[in-house]
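Notes follow the structure.
Derivation of every value follows stated rules applied to the coordinates shown; laboratory data play no part. Everything numeric here is computed off the predicted structure, so don't read it as measured data. Quick reminder, even Gly has a Cβ in these numbers, built from the backbone with ideal geometry, and neighbours come from all protein chains shown.
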Amino acid sequence: MTYFSRILLNPQRREARKLIASPQAMHAAVLASFPPDSPVSKDSRVLWRLDIQGASYTLYIQSPEEPDLRHLQESSGWESRPGETAPLGKLLNKLEKGQSWGFRFTGNPVKSLPVADGKRGKVVPHVTAEQQLGWLLHKAEQWGFTIAQDPETAQPLANVIGRNDQRFSRRNPHEDGALHSVTLRQAQFDGVLVITDVDLFKKSLLTGMGKGKAYGCGLLTLRNVLS
């Protein structure tokens, strides 16, 4: 069973501001919604995304186990707006090859620089919105879908609607726990997709897409294409 949850954060509260500013703190708060003995599965994982629209901050969580969101509401949410959770199974069962869906996706658009002998080199971010959209167009087939095209212009029906660099420190377990500065480049996309491989698409939805999943990337949400 997979669950999809939503909770509104109150940016006037100190703890909410801490979560909004730090993907590490948000990741820890999301994981605290589940018991420490929650089963780990290669077929599904906990994903989260923070959507910001004006003064509205909405945290989405997708998980293989139903979360307990009370601590998030009590420390960072609105008393009058408790978190909402629903099973995702009905939506997953509706998915079929050839269907068109509206989507929103926050990803970490990166590439590996080539080195000698065809090996992968340093991972670097894509910089411009055009490069980031090109990254999504290229990756989509690996995730079981393509981006729909405008029938008149043949241009892809997808846009980069937000770009952000998250900076934080992380301990490296391979270097005696030394702190390293990390910059995570995020791009948020809105558009219309077409499912090309329904099994691969479902797997991608449940396990997340691309890098940076622990820090708010990888979760793709669907909506009726006419909404």
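In summary, the aspartates and glutamates within cross-link reach of Lys202, defined as a Cα separation below 20 angstrom excluding same-chain residues under 8 places away, comprise Asp43, Glu65, Glu66, Glu96, Glu141, Asp190. Among Asp190, Asp37, Asp150, the largest mean-square fluctuation in a Gaussian network model of the chain, built with springs joining Cα atoms closer than 10 Å, belongs to Asp37.
Counting every alpha-carbon pair across the chain, the share separated by more than 28 Å comes to 34%. Summing charges over all other residues whose Cβ lies under 12 Å from the Cβ of Ile147, with Lys and Arg as +1 and Asp and Glu as -1, gives -2. In this model, which of Lys42/Lys211; Lys18/Lys90; Lys97/Lys122 are farther than 27 Å apart at the alpha-carbon? In this structure, Lys18/Lys90; Lys97/Lys122 exceed 27 Å between Cα atoms.
Taking only Cα atoms and a 10 Å spring cutoff, compute GNM fluctuations for the chain and point out the largest among Val160, Val124, Val110. Most flexible of the set in this elastic network: Val124.
Over what distance in Å are the Cα centres of region 87-109 and region 193-224 separated? Answer, in whole Å: 7. The string of couplings for region 180-189 from the Karplus curve (6.51, -1.76, 1.60, θ = phi - 60°) is 10, 7, 10, 10, 10, 8, 10, 9, 10, 10 Hz, one whole number per residue in order, with x for Gly and Pro.
Debye-formula intensities of region 3-91, expressed as log10 I(q)/I(0) at q = 0.14, 0.18, 0.24, 0.26 Å⁻¹, are -0.46, -0.76, -1.29, -1.46 (one equal scatterer per alpha-carbon, no solvent). Per residue, the average separation of C-alpha pairs within less than 8 Å and at least 6 apart gives the chain a relative contact order of 27 percent. Only DSSP H runs of four or more residues enter the estimate; each adds -39500 (n - 2.57), and after division by the residues of the chain the mean residue ellipticity at 222 nm equals -6500 deg cm²/dmol. The overall shape of region 97-223, judged from the alpha-carbon gyration tensor, is prolate: a/c is not under 1.5, and a/b is greater than b/c.
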